[in-house]
Amino acid sequence: MSASVRRWLIAASGSIAVVAALLIGLTALAPADSARAAPAEESADVGFARDMSVHHQQAVEMSFIVRDRTDDEDVRRLAYDIINTQANQRGMMLGWLEVWDRNKSSGEPPMSWMDGDGHGEHEATGDGALMPGMATDEELAELSAAEGEDAEIRYLQLMTVHHEGGVLMARAAAEQAGTDEIERLAAGMVEAQESEIRLMADMLAERGAEPTP
């Protein structure tokens, strides 16, 4: 195990505890309190839960792809952690939407809940990239066709960009959230994904590569 991975595993232990606490909190949420506290349809809480669920699903998909394309222990460990963390978080967000009696999808454009900077005007490009950081259909196909170190580098580059887009969304949600659930979860995502971005930069450097500009 490389030194960069060991450092990240120590830092990640705190994030795992946060996820566990959030899961306990969701389980303990009473239906009567949920109905009274349900955020509005157009709120950042509902919009973020919907959009980040889609964003997380692609991260899980890419991680499953690279898991079968390399034997490298460090990359497979990172992919396994992303699969578990983001699948759990996605389940939490979909669960909150259910508790709030909100649909899991919307006819509104992605990120329309975000205030300022034109984020709400982001549109699908037609190649599968619905939100910042998401890989295109072509990039996913290229990752699926790659093997060994080539697959590792492609995955680390794509996931770095993916995390950067996720951090953008999560930071906005933490600032705009009206519920404690979304504020805490989004803030935790920012911290955890920025840590993984630093880890992936080290892993790319070990392979003689750099993050995608």
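Structural remarks
- Applied to region 72-89, the Karplus parametrisation 6.51 cos²θ - 1.76 cosθ + 1.60 on θ = phi - 60° returns per-residue 3J(HN,Hα) values of 5, 5, 5, 5, 5, 5, 4, 4, 4, 5, 5, 4, 5, 5, 6, 5, 5, 5 Hz, with x for Gly and Pro.
- When you filter the trypsin sites (Lys or Arg not before Pro) in region 152-213 for DSSP loop state and at most 15 other Cβ atoms inside 10 Å of their Cβ, you are left with Arg207.
- Each residue of region 101-110 was assigned a 3J(HN,Hα) from its phi angle through the Karplus curve 6.51 cos²θ - 1.76 cosθ + 1.60 (θ = phi - 60°); the sequence is 6, 10, 5, 7, 9, 8, x, 6, x, x Hz, with glycine and proline shown as x.
- In sequence order, region 194-211 has phi-based couplings of 5, 5, 5, 4, 5, 4, 5, 4, 5, 5, 5, 4, 4, 9, x, 10, 10, x Hz under the Karplus curve 6.51 cos²θ - 1.76 cosθ + 1.60, θ = phi - 60°, and Gly or Pro positions carry x.
No value in this document is a laboratory result; all are computed from the given coordinates. Bear in mind that the values here come from a model prediction, so they are computed numbers and not experimental data. Glycine gets a Cβ as well: all are built from the backbone with ideal geometry, and neighbour counts include every protein chain shown.
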